[in-house]
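S.K.: Mind having a look at this structure? Questions to follow.
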Amino acid sequence: MMEIQKEALEGLAKRIEDGVVVIHGSTVQYRNADTWHPFRQNSNFHYLTGWPEPDAHAIIRIKNKKPELFLFVLERNEEFETWDGKRIGKEGAENIYGATKAFPLQEYEQRFQELVSGHNDVYLDYSSKNFENSDKKLLNISVPYDQRGAEFSKAKIHPILPIISEMRLIKNKKEINKLKEACDITVEGHITAMKKTKPGMFEYQVAAEMEKVFFEKGAQRLGYPSIVAGGTNACILHYSTNREKLEKNTLLLIDAAAEYDMYSADVTRTFPISGKFSPEQKGVYEEVLGAQKKGIELVVEGSTMKEIHEKTVREISQSLINLGLVPLGLEETISMMHYFEFFMHGTGHWLGLDVHDSGSTDLDGSPRELKEGMVTTIEPGIYIRSGKPVVEFPLLERDPVKIKERRQKLGIEEAMKAEKKEFDNAKKVSHKIPENLLGIGVRIEDDIVCTKDKPINLTKKVPREALEIEDLCSS
(Lines give C-alpha, C1' and ligand atoms only; values in the text may rest on other atoms or scores of the structure.)
Protein backbone atom coordinates (compact mmCIF):
# COMPACT_ATOMS: atom_id res chain seq x y z
CA MET A 1 0.00 0.00 0.00
CA MET A 2 1.19 3.51 -0.81
CA GLU A 3 2.41 5.44 2.25
CA ILE A 4 -0.03 8.34 1.84
CA GLN A 5 -2.99 5.97 1.63
CA LYS A 6 -1.74 3.91 4.57
CA GLU A 7 -1.53 7.01 6.75
CA ALA A 8 -4.92 8.20 5.51
CA LEU A 9 -6.61 4.91 6.39
CA GLU A 10 -5.00 4.89 9.82
CA GLY A 11 -6.07 8.49 10.38
CA LEU A 12 -9.62 7.67 9.29
CA ALA A 13 -9.75 4.73 11.69
CA LYS A 14 -8.64 6.90 14.61
CA ARG A 15 -11.42 9.37 13.88
CA ILE A 16 -14.20 6.81 13.43
CA GLU A 17 -12.97 4.17 15.94
CA ASP A 18 -15.70 1.65 15.06
CA GLY A 19 -17.85 1.56 11.94
CA VAL A 20 -17.93 0.94 8.22
CA VAL A 21 -17.05 3.36 5.41
CA VAL A 22 -18.46 2.84 1.92
CA ILE A 23 -16.92 4.88 -0.89
CA HIS A 24 -16.87 4.66 -4.68
CA GLY A 25 -14.39 5.40 -7.44
CA SER A 26 -15.04 7.34 -10.64
CA THR A 27 -16.30 5.94 -13.92
CA VAL A 28 -15.15 6.70 -17.44
CA GLN A 29 -16.88 9.84 -18.74
CA TYR A 30 -17.78 9.96 -22.42
CA ARG A 31 -17.15 13.17 -24.33
CA ASN A 32 -19.29 12.34 -27.36
CA ALA A 33 -20.43 9.13 -29.07
CA ASP A 34 -17.76 6.51 -28.23
CA THR A 35 -14.99 9.03 -27.48
CA TRP A 36 -14.13 9.32 -23.80
CA HIS A 37 -12.35 11.79 -21.59
CA PRO A 38 -9.06 10.55 -20.12
CA PHE A 39 -9.86 8.83 -16.84
CA ARG A 40 -9.01 10.42 -13.52
CA GLN A 41 -9.84 8.79 -10.22
CA ASN A 42 -12.13 10.43 -7.68
CA SER A 43 -9.83 12.36 -5.35
CA ASN A 44 -11.35 11.01 -2.13
CA PHE A 45 -11.20 7.43 -3.39
CA HIS A 46 -7.57 7.93 -4.38
CA TYR A 47 -6.76 9.47 -1.01
CA LEU A 48 -7.98 6.40 0.89
CA THR A 49 -7.09 3.60 -1.53
CA GLY A 50 -4.65 4.80 -4.21
CA TRP A 51 -6.59 2.68 -6.69
CA PRO A 52 -6.12 4.10 -10.22
CA GLU A 53 -8.72 2.24 -12.30
CA PRO A 54 -12.39 3.09 -12.97
CA ASP A 55 -15.52 1.38 -11.69
CA ALA A 56 -14.26 0.38 -8.25
CA HIS A 57 -15.85 0.29 -4.80
CA ALA A 58 -14.30 0.21 -1.35
CA ILE A 59 -15.71 -0.96 1.96
CA ILE A 60 -13.52 -0.06 4.92
CA ARG A 61 -14.31 -1.89 8.16
CA ILE A 62 -12.98 -0.25 11.31
CA LYS A 63 -12.84 -1.97 14.68
CA ASN A 64 -10.93 -0.73 17.70
CA LYS A 65 -9.38 1.98 15.50
CA LYS A 66 -7.95 -0.59 13.09
CA PRO A 67 -8.96 -0.48 9.41
CA GLU A 68 -9.56 -3.30 6.94
CA LEU A 69 -9.81 -2.38 3.26
CA PHE A 70 -12.00 -4.41 0.91
CA LEU A 71 -11.82 -3.47 -2.76
CA PHE A 72 -14.16 -4.40 -5.61
CA VAL A 73 -12.34 -4.04 -8.92
CA LEU A 74 -12.43 -4.96 -12.58
CA GLU A 75 -11.06 -8.45 -13.15
CA ARG A 76 -8.23 -9.26 -15.51
CA ASN A 77 -9.63 -9.94 -18.98
CA GLU A 78 -7.44 -10.58 -22.02
CA GLU A 79 -9.96 -9.32 -24.56
CA PHE A 80 -10.76 -6.08 -22.74
CA GLU A 81 -7.09 -5.51 -21.95
CA THR A 82 -6.27 -5.83 -25.66
CA TRP A 83 -8.56 -2.87 -26.31
CA ASP A 84 -8.19 -0.72 -23.22
CA GLY A 85 -4.89 -1.62 -21.56
CA LYS A 86 -3.68 -3.80 -18.75
CA ARG A 87 -5.81 -4.19 -15.63
CA ILE A 88 -4.36 -4.61 -12.18
CA GLY A 89 -6.93 -7.14 -11.02
CA LYS A 90 -7.71 -8.63 -7.62
CA GLU A 91 -4.19 -9.88 -6.95
CA GLY A 92 -2.72 -6.46 -7.62
CA ALA A 93 -5.33 -4.86 -5.37
CA GLU A 94 -4.10 -7.03 -2.51
CA ASN A 95 -0.38 -7.23 -3.23
CA ILE A 96 0.27 -3.69 -4.51
CA TYR A 97 -2.53 -1.59 -3.00
CA GLY A 98 -2.77 -3.35 0.34
CA ALA A 99 -6.38 -4.50 0.29
CA THR A 100 -7.24 -6.92 3.06
CA LYS A 101 -9.24 -8.74 0.41
CA ALA A 102 -10.24 -7.89 -3.17
CA PHE A 103 -13.28 -9.14 -5.07
CA PRO A 104 -14.60 -8.89 -8.62
CA LEU A 105 -16.61 -5.71 -9.20
CA GLN A 106 -19.73 -7.76 -9.93
CA GLU A 107 -19.76 -9.15 -6.37
CA TYR A 108 -20.22 -5.76 -4.68
CA GLU A 109 -23.93 -6.08 -3.96
CA GLN A 110 -23.62 -9.77 -3.09
CA ARG A 111 -20.89 -9.20 -0.49
CA PHE A 112 -22.11 -5.86 0.89
CA GLN A 113 -24.22 -7.51 3.58
CA GLU A 114 -21.49 -9.76 4.99
CA LEU A 115 -19.01 -6.88 5.17
CA VAL A 116 -21.39 -4.32 6.69
CA SER A 117 -23.48 -6.52 9.01
CA GLY A 118 -22.66 -6.09 12.67
CA HIS A 119 -21.83 -2.40 12.33
CA ASN A 120 -24.47 0.16 13.21
CA ASP A 121 -22.37 3.23 12.30
CA VAL A 122 -22.08 3.42 8.54
CA TYR A 123 -20.38 6.28 6.69
CA LEU A 124 -21.54 6.96 3.14
CA ASP A 125 -20.90 9.42 0.31
CA TYR A 126 -24.29 11.04 -0.26
CA SER A 127 -23.02 12.74 -3.41
CA SER A 128 -22.32 9.45 -5.18
CA LYS A 129 -24.88 8.05 -7.63
CA ASN A 130 -24.25 4.68 -5.99
CA PHE A 131 -25.78 6.00 -2.76
CA GLU A 132 -29.21 6.33 -4.36
CA ASN A 133 -28.84 3.52 -6.88
CA SER A 134 -27.65 0.76 -4.56
CA ASP A 135 -26.21 1.67 -1.16
CA LYS A 136 -29.48 2.71 0.52
CA LYS A 137 -31.22 -0.51 -0.53
CA LEU A 138 -28.24 -2.66 0.44
CA LEU A 139 -27.99 -0.97 3.84
CA ASN A 140 -31.65 -1.59 4.61
CA ILE A 141 -31.08 -5.28 3.99
CA SER A 142 -27.73 -5.48 5.78
CA VAL A 143 -28.70 -3.65 8.98
CA PRO A 144 -32.50 -3.92 9.13
CA TYR A 145 -34.90 -3.08 11.93
CA ASP A 146 -35.96 -6.34 13.51
CA GLN A 147 -39.66 -5.47 13.55
CA ARG A 148 -40.08 -2.98 10.70
CA GLY A 149 -38.73 -5.13 7.92
CA ALA A 150 -36.16 -4.54 5.19
CA GLU A 151 -37.57 -1.19 4.09
CA PHE A 152 -35.91 0.47 7.07
CA SER A 153 -32.44 0.27 8.57
CA LYS A 154 -31.41 0.72 12.18
CA ALA A 155 -27.96 1.80 11.06
CA LYS A 156 -26.80 5.26 12.02
CA ILE A 157 -25.85 6.79 8.69
CA HIS A 158 -23.13 9.44 8.70
CA PRO A 159 -21.73 11.54 5.84
CA ILE A 160 -18.13 10.56 5.10
CA LEU A 161 -17.12 13.56 3.01
CA PRO A 162 -16.81 16.06 5.90
CA ILE A 163 -14.42 13.69 7.67
CA ILE A 164 -12.26 13.14 4.59
CA SER A 165 -12.27 16.89 3.85
CA GLU A 166 -10.91 17.63 7.30
CA MET A 167 -8.19 15.03 6.83
CA ARG A 168 -7.18 16.30 3.38
CA LEU A 169 -6.89 19.86 4.65
CA ILE A 170 -3.61 19.13 6.46
CA LYS A 171 -0.93 17.77 4.12
CA ASN A 172 1.82 15.52 5.44
CA LYS A 173 5.41 15.72 4.19
CA LYS A 174 4.82 13.17 1.44
CA GLU A 175 1.89 15.17 0.10
CA ILE A 176 3.88 18.41 0.29
CA ASN A 177 6.62 16.72 -1.74
CA LYS A 178 4.14 15.73 -4.44
CA LEU A 179 2.79 19.28 -4.52
CA LYS A 180 6.34 20.58 -4.73
CA GLU A 181 6.98 18.34 -7.74
CA ALA A 182 3.82 19.59 -9.43
CA CYS A 183 4.89 23.16 -8.68
CA ASP A 184 8.45 22.65 -9.96
CA ILE A 185 7.11 21.30 -13.25
CA THR A 186 4.64 24.18 -13.46
CA VAL A 187 7.40 26.73 -12.82
CA GLU A 188 9.39 25.44 -15.80
CA GLY A 189 6.35 25.60 -18.05
CA HIS A 190 5.57 29.20 -17.11
CA ILE A 191 9.17 30.28 -17.62
CA THR A 192 9.15 28.67 -21.07
CA ALA A 193 5.94 30.52 -21.93
CA MET A 194 7.49 33.84 -20.93
CA LYS A 195 10.55 33.16 -23.09
CA LYS A 196 8.61 31.93 -26.13
CA THR A 197 5.79 34.47 -26.28
CA LYS A 198 6.00 36.99 -29.12
CA PRO A 199 3.51 39.33 -30.81
CA GLY A 200 1.66 37.61 -33.63
CA MET A 201 1.57 34.20 -31.94
CA PHE A 202 -1.78 32.71 -31.04
CA GLU A 203 -2.79 31.99 -27.49
CA TYR A 204 -2.99 28.27 -28.23
CA GLN A 205 0.59 28.28 -29.51
CA VAL A 206 1.83 29.65 -26.19
CA ALA A 207 -0.30 27.07 -24.39
CA ALA A 208 1.27 24.32 -26.51
CA GLU A 209 4.82 25.44 -25.69
CA MET A 210 4.04 25.54 -21.98
CA GLU A 211 2.07 22.29 -21.79
CA LYS A 212 4.77 20.49 -23.77
CA VAL A 213 7.14 21.25 -20.89
CA PHE A 214 4.61 20.05 -18.33
CA PHE A 215 4.38 16.64 -19.98
CA GLU A 216 8.09 16.37 -20.78
CA LYS A 217 8.84 16.91 -17.08
CA GLY A 218 6.50 14.15 -15.94
CA ALA A 219 3.04 15.64 -15.45
CA GLN A 220 0.32 13.05 -15.95
CA ARG A 221 -2.23 15.70 -16.90
CA LEU A 222 -3.05 19.38 -16.57
CA GLY A 223 -4.30 20.52 -13.19
CA TYR A 224 -7.15 22.31 -15.01
CA PRO A 225 -7.74 23.75 -18.51
CA SER A 226 -5.04 26.33 -19.17
CA ILE A 227 -6.07 29.98 -19.29
CA VAL A 228 -3.90 31.82 -21.84
CA ALA A 229 -5.58 35.20 -22.11
CA GLY A 230 -4.09 37.95 -24.25
CA GLY A 231 -5.08 41.60 -24.06
CA THR A 232 -8.64 42.22 -22.89
CA ASN A 233 -9.24 38.48 -22.52
CA ALA A 234 -7.31 38.75 -19.25
CA CYS A 235 -10.41 40.40 -17.79
CA ILE A 236 -12.38 37.15 -18.26
CA LEU A 237 -11.66 35.18 -15.10
CA HIS A 238 -12.11 31.67 -16.51
CA TYR A 239 -11.23 32.39 -20.13
CA SER A 240 -10.19 29.14 -21.82
CA THR A 241 -10.89 29.59 -25.54
CA ASN A 242 -7.20 30.32 -26.18
CA ARG A 243 -7.70 31.00 -29.90
CA GLU A 244 -6.89 34.68 -30.40
CA LYS A 245 -3.78 36.33 -31.82
CA LEU A 246 -1.47 38.12 -29.38
CA GLU A 247 -1.15 41.83 -30.09
CA LYS A 248 1.99 43.84 -29.41
CA ASN A 249 2.08 46.21 -26.46
CA THR A 250 -0.58 44.21 -24.58
CA LEU A 251 -0.36 41.82 -21.63
CA LEU A 252 -0.71 38.04 -21.50
CA LEU A 253 -2.26 36.44 -18.42
CA ILE A 254 -1.52 32.73 -18.01
CA ASP A 255 -3.25 30.71 -15.31
CA ALA A 256 -2.09 27.12 -15.79
CA ALA A 257 -0.56 24.22 -13.90
CA ALA A 258 0.63 20.65 -14.05
CA GLU A 259 -0.76 17.74 -12.05
CA TYR A 260 1.78 15.29 -10.71
CA ASP A 261 0.75 11.99 -9.13
CA MET A 262 -2.77 13.41 -8.63
CA TYR A 263 -1.60 16.62 -6.88
CA SER A 264 -2.05 19.92 -8.71
CA ALA A 265 -0.25 23.23 -8.71
CA ASP A 266 -2.07 26.51 -9.53
CA VAL A 267 -0.02 29.43 -10.85
CA THR A 268 -0.84 32.70 -12.60
CA ARG A 269 1.53 35.20 -14.14
CA THR A 270 0.85 38.31 -16.20
CA PHE A 271 3.58 39.65 -18.48
CA PRO A 272 4.11 41.97 -21.49
CA ILE A 273 3.81 40.30 -24.88
CA SER A 274 6.31 42.74 -26.40
CA GLY A 275 8.79 42.29 -23.55
CA LYS A 276 8.30 45.64 -21.78
CA PHE A 277 5.50 46.93 -19.58
CA SER A 278 4.00 50.28 -20.53
CA PRO A 279 3.89 52.75 -17.62
CA GLU A 280 0.14 52.13 -17.24
CA GLN A 281 0.52 48.36 -17.31
CA LYS A 282 3.38 48.49 -14.85
CA GLY A 283 1.38 50.72 -12.53
CA VAL A 284 -1.46 48.19 -12.31
CA TYR A 285 0.97 45.27 -12.07
CA GLU A 286 2.94 46.77 -9.19
CA GLU A 287 -0.25 47.42 -7.22
CA VAL A 288 -1.35 43.77 -7.58
CA LEU A 289 2.13 42.50 -6.74
CA GLY A 290 2.25 44.59 -3.58
CA ALA A 291 -1.10 43.20 -2.44
CA GLN A 292 0.01 39.65 -3.20
CA LYS A 293 3.24 39.98 -1.22
CA LYS A 294 1.34 41.18 1.83
CA GLY A 295 -1.18 38.37 1.45
CA ILE A 296 1.56 35.75 1.32
CA GLU A 297 3.11 37.12 4.53
CA LEU A 298 -0.15 36.32 6.33
CA VAL A 299 -0.09 32.58 5.52
CA VAL A 300 1.07 31.63 9.00
CA GLU A 301 -0.42 29.67 11.86
CA GLY A 302 -3.19 31.62 13.56
CA SER A 303 -4.24 33.64 10.51
CA THR A 304 -7.52 32.91 8.74
CA MET A 305 -8.49 33.01 5.08
CA LYS A 306 -11.08 35.63 6.04
CA GLU A 307 -8.39 37.84 7.53
CA ILE A 308 -6.15 37.37 4.49
CA HIS A 309 -8.97 38.27 2.12
CA GLU A 310 -10.09 41.30 4.12
CA LYS A 311 -6.55 42.69 4.25
CA THR A 312 -6.08 42.00 0.54
CA VAL A 313 -9.35 43.79 -0.22
CA ARG A 314 -8.06 46.78 1.74
CA GLU A 315 -4.77 46.75 -0.20
CA ILE A 316 -6.50 46.42 -3.57
CA SER A 317 -9.03 49.11 -2.64
CA GLN A 318 -6.20 51.55 -1.91
CA SER A 319 -4.63 50.52 -5.21
CA LEU A 320 -7.85 51.34 -7.05
CA ILE A 321 -7.81 54.78 -5.47
CA ASN A 322 -4.17 55.23 -6.46
CA LEU A 323 -5.02 54.29 -10.05
CA GLY A 324 -8.05 56.57 -10.25
CA LEU A 325 -10.47 53.70 -10.77
CA VAL A 326 -12.95 54.47 -7.96
CA PRO A 327 -14.64 57.75 -6.98
CA LEU A 328 -14.55 57.69 -3.17
CA GLY A 329 -12.17 57.12 -0.26
CA LEU A 330 -10.83 53.90 1.19
CA GLU A 331 -13.54 53.14 3.75
CA GLU A 332 -16.37 53.86 1.28
CA THR A 333 -14.68 51.78 -1.43
CA ILE A 334 -14.66 48.84 0.96
CA SER A 335 -18.02 49.29 2.72
CA MET A 336 -19.88 49.88 -0.56
CA MET A 337 -17.89 47.10 -2.26
CA HIS A 338 -16.83 49.39 -5.11
CA TYR A 339 -13.64 47.32 -5.27
CA PHE A 340 -15.77 44.42 -6.52
CA GLU A 341 -16.01 46.09 -9.92
CA PHE A 342 -12.31 45.32 -10.42
CA PHE A 343 -11.53 42.52 -7.92
CA MET A 344 -14.45 40.12 -7.85
CA HIS A 345 -13.02 36.84 -6.58
CA GLY A 346 -11.47 35.46 -3.43
CA THR A 347 -7.84 35.93 -2.51
CA GLY A 348 -7.06 32.23 -2.32
CA HIS A 349 -8.26 28.65 -1.98
CA TRP A 350 -6.95 25.35 -0.63
CA LEU A 351 -4.73 23.31 -2.92
CA GLY A 352 -4.01 19.60 -3.10
CA LEU A 353 -5.56 16.62 -4.87
CA ASP A 354 -8.06 19.08 -6.34
CA VAL A 355 -7.02 22.47 -7.60
CA HIS A 356 -9.82 23.90 -5.46
CA ASP A 357 -9.16 21.43 -2.70
CA SER A 358 -11.54 20.14 -0.06
CA GLY A 359 -11.96 21.70 3.34
CA SER A 360 -14.00 24.59 4.68
CA THR A 361 -12.53 27.98 5.51
CA ASP A 362 -14.81 28.03 8.56
CA LEU A 363 -14.85 25.79 11.61
CA ASP A 364 -17.80 25.62 14.01
CA GLY A 365 -19.24 28.84 12.61
CA SER A 366 -16.04 30.88 12.92
CA PRO A 367 -13.14 31.51 10.53
CA ARG A 368 -10.74 28.57 10.62
CA GLU A 369 -7.23 29.31 11.85
CA LEU A 370 -4.44 28.21 9.53
CA LYS A 371 -2.27 25.34 10.69
CA GLU A 372 1.01 23.86 9.59
CA GLY A 373 0.53 21.71 6.51
CA MET A 374 -2.31 23.70 4.98
CA VAL A 375 -1.64 24.82 1.42
CA THR A 376 -3.37 27.77 -0.20
CA THR A 377 -3.07 29.98 -3.23
CA ILE A 378 -2.70 33.74 -2.90
CA GLU A 379 -4.01 35.38 -6.07
CA PRO A 380 -5.20 39.00 -6.03
CA GLY A 381 -6.03 40.71 -9.29
CA ILE A 382 -7.28 43.89 -10.92
CA TYR A 383 -9.43 43.64 -14.04
CA ILE A 384 -10.36 46.82 -15.92
CA ARG A 385 -12.91 45.81 -18.53
CA SER A 386 -12.65 47.69 -21.82
CA GLY A 387 -16.42 47.69 -22.35
CA LYS A 388 -17.04 49.84 -19.27
CA PRO A 389 -15.37 53.23 -19.82
CA VAL A 390 -17.83 54.75 -17.35
CA VAL A 391 -18.97 52.94 -14.22
CA GLU A 392 -22.07 53.79 -12.22
CA PHE A 393 -21.14 53.07 -8.62
CA PRO A 394 -24.14 52.63 -6.25
CA LEU A 395 -24.00 54.58 -3.00
CA LEU A 396 -25.11 51.54 -1.05
CA GLU A 397 -23.58 49.86 1.98
CA ARG A 398 -22.97 46.18 1.19
CA ASP A 399 -21.87 43.27 3.38
CA PRO A 400 -20.23 40.34 1.52
CA VAL A 401 -21.20 37.94 4.32
CA LYS A 402 -24.88 38.87 4.06
CA ILE A 403 -24.71 38.68 0.26
CA LYS A 404 -23.32 35.16 0.51
CA GLU A 405 -25.98 34.12 3.04
CA ARG A 406 -28.78 35.48 0.86
CA ARG A 407 -27.43 33.69 -2.19
CA GLN A 408 -27.33 30.45 -0.23
CA LYS A 409 -30.87 30.97 1.04
CA LEU A 410 -32.57 32.18 -2.16
CA GLY A 411 -30.34 30.63 -4.80
CA ILE A 412 -27.96 32.70 -6.87
CA GLU A 413 -30.41 33.73 -9.59
CA GLU A 414 -33.10 35.00 -7.23
CA ALA A 415 -30.53 36.68 -5.01
CA MET A 416 -28.98 38.45 -8.01
CA LYS A 417 -32.41 39.76 -8.99
CA ALA A 418 -32.78 41.23 -5.51
CA GLU A 419 -29.30 42.76 -5.72
CA LYS A 420 -30.09 44.33 -9.10
CA LYS A 421 -33.27 45.84 -7.71
CA GLU A 422 -31.29 47.35 -4.83
CA PHE A 423 -28.73 48.71 -7.28
CA ASP A 424 -31.40 50.22 -9.50
CA ASN A 425 -33.04 51.99 -6.57
CA ALA A 426 -29.81 53.30 -5.07
CA LYS A 427 -28.27 56.68 -5.72
CA LYS A 428 -25.19 56.44 -7.90
CA VAL A 429 -22.03 58.27 -8.70
CA SER A 430 -20.78 58.16 -12.29
CA HIS A 431 -17.04 57.66 -12.66
CA LYS A 432 -14.97 57.80 -15.83
CA ILE A 433 -12.26 55.14 -16.00
CA PRO A 434 -8.84 56.40 -17.16
CA GLU A 435 -8.78 55.56 -20.85
CA ASN A 436 -5.20 54.30 -20.86
CA LEU A 437 -6.11 51.63 -18.26
CA LEU A 438 -9.07 50.12 -20.12
CA GLY A 439 -8.57 46.48 -21.07
CA ILE A 440 -5.75 45.79 -18.59
CA GLY A 441 -6.15 42.62 -16.55
CA VAL A 442 -3.54 41.46 -14.03
CA ARG A 443 -3.52 38.48 -11.68
CA ILE A 444 -0.53 37.05 -9.82
CA GLU A 445 -0.88 33.68 -8.09
CA ASP A 446 1.46 31.47 -6.09
CA ASP A 447 1.12 28.30 -4.02
CA ILE A 448 1.90 28.77 -0.34
CA VAL A 449 2.50 26.25 2.44
CA CYS A 450 1.64 27.31 5.98
CA THR A 451 4.31 26.43 8.53
CA LYS A 452 4.96 27.33 12.16
CA ASP A 453 7.68 29.78 11.19
CA LYS A 454 7.04 31.53 7.86
CA PRO A 455 5.21 30.87 4.59
CA ILE A 456 6.88 28.67 1.97
CA ASN A 457 6.23 29.80 -1.60
CA LEU A 458 6.43 26.65 -3.73
CA THR A 459 6.28 28.61 -6.99
CA LYS A 460 8.51 31.60 -6.24
CA LYS A 461 10.95 30.67 -9.03
CA VAL A 462 8.56 32.02 -11.64
CA PRO A 463 9.63 35.68 -11.83
CA ARG A 464 7.25 38.22 -10.28
CA GLU A 465 9.25 41.43 -10.17
CA ALA A 466 8.56 43.60 -13.22
CA LEU A 467 12.25 43.99 -14.12
CA GLU A 468 12.90 40.23 -13.84
CA ILE A 469 9.90 39.54 -16.06
CA GLU A 470 11.07 42.03 -18.67
CA ASP A 471 14.56 40.51 -18.66
CA LEU A 472 13.13 37.01 -19.15
CA CYS A 473 10.63 38.04 -21.83
CA SER A 474 13.36 39.85 -23.75
CA SER A 475 15.89 37.01 -23.56
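The values are calculated or read from the model by the stated rules, or taken from the named source; none is laboratory data. Quantities reported herein were computed from a predicted structural model and do not represent experimental measurements. Heads up, the Cβs are rebuilt from the backbone with ideal geometry, glycines too, and the neighbour counts pull from every protein chain shown. With ligands, DNA and RNA removed, areas are computed over all heavy atoms of the protein, side chains included. Shrake-Rupley method; radii C 1.70, N 1.55, O 1.52, S 1.80 Å.
S.K.: Accessible area per residue for the range 36-106 in Å², computed with a 1.4 Å probe and the full protein assembly in place, what is it? Show your work: numbers first, answer last.
M.R.: Values: 3790 Å² over 71 residues.
That works out to 53 Å² for each residue.
S.K.: If you don't mind, another one. What trypsin sites (Lys or Arg not before Pro) in the range 1-98 are in a loop by DSSP, with at most 16 other Cβ atoms within 10 Å of the Cβ? Mind showing how you got there, number by number?
M.R.: On the way: sites: 6, 14, 15, 31, 40, 61, 63, 65, 76, 86, 87, 90; in loops: 40, 65, 76, 86, 87.
Filter output for the range 1-98: 40, 65, 76, 86, 87.
S.K.: If you don't mind, there's one more thing I want to ask. Taking every alpha carbon pair in the range 273-346, what does the distance histogram look like in 5 angstrom bins from 0, in percent?
M.R.: 3, 16, 25, 21, 17, 11, 5, 2, 0
S.K.: Just from the alpha-carbon atoms, what are the Rg and Dmax of the range 151-197 in angstroms?
M.R.: 20.4, 65
S.K.: Hey, another quick one. How do 269, 398 rank by accessible surface area computed with a 1.4 Å probe, from largest to smallest? Before the final figure, lay out each step's value.
M.R.: Values: 269 0, 398 45 Å².
Highest to lowest solvent-accessible surface, that is 398, 269.
S.K.: Which whole-Hz couplings ³J(HN,Hα) result when phi for each residue of the range 359-364 is put into the Karplus expression 6.51 cos²θ - 1.76 cosθ + 1.60, θ = phi - 60°, listed in order with x for Gly and Pro?
M.R.: x, 7, 8, 10, 9, 6
S.K.: Determine, at each q value in 0.15, 0.16 (inverse angstroms), the log₁₀ of I(q)/I(0) that the Debye formula gives when each Cα of the range 1-79 is one equal point scatterer.
M.R.: Calculated log10 I(q)/I(0) at the listed q: -0.58, -0.64.
S.K.: Now a separate question. Over 39 Å, how big is the tail of the calculated P(r) for the chain, in percent of all Cα pairs?
M.R.: 33
S.K.: Could you give me D for the range 197-340, from Stokes-Einstein at 10 °C and 1.306 mPa s, where the hydrodynamic radius is the Kirkwood radius over C-alpha pairs? Units µm² s⁻¹, please.
M.R.: Working: Rh = 17.1 Å.
Roughly 93 µm²/s, to the nearest whole number.
S.K.: What 222 nm value per residue comes from the helices of the chain, counting each DSSP H run with n ≥ 4 as -39,500 (n - 2.57) and dividing by all residues, nearest 500 deg cm²/dmol? Mind showing how you got there, number by number?
M.R.: Numbers: 15 runs with 174 residues, N = 475.
Estimated from H runs of four or more residues: -11500 deg cm²/dmol.
S.K.: So what is Rg over Rh here for the range 400-457, counting just Cα atoms and using Kirkwood for Rh?
M.R.: Working: Rg = 19.2 Å, Rh = 16.0 Å.
Rg/Rh: 1.20.
S.K.: Another question about this same structure. If the cut-off is a Cα-Cα distance under 19 Å, which aspartates and glutamates reach residue 198, setting aside same-chain residues fewer than 8 apart in sequence?
M.R.: Leaving aside aspartates and glutamates fewer than 8 places away in the same chain, those within reach of residue 198 are 188, 209, 211, 244, 247, 255, 468, 470, 471.
S.K.: How would 364, 184 line up by accessible area, probe 1.4 Å, largest first? Don't jump to the answer; show the numbers that get you there.
M.R.: Working: 364 150, 184 50 Å².
Highest to lowest solvent-accessible surface, that is 364, 184.
S.K.: For the range 345-445, go through all pairs of different Cα atoms, get the mean of 1/r, take its inverse, and jot down that Kirkwood value in Å.
M.R.: Numbers: mean 1/r = 0.0589 Å⁻¹.
Mean inverse Cα-Cα distance, inverted, gives 17.0 Å.
S.K.: If you don't mind, there's one more thing I want to ask. Run the accessible area of the range 13-84 with a 1.4 Å probe and give the carbon-and-sulfur part as a rounded percent.
M.R.: Values: 1810 of 3950 Å².
Roughly 46 percent, rounded to a whole number.
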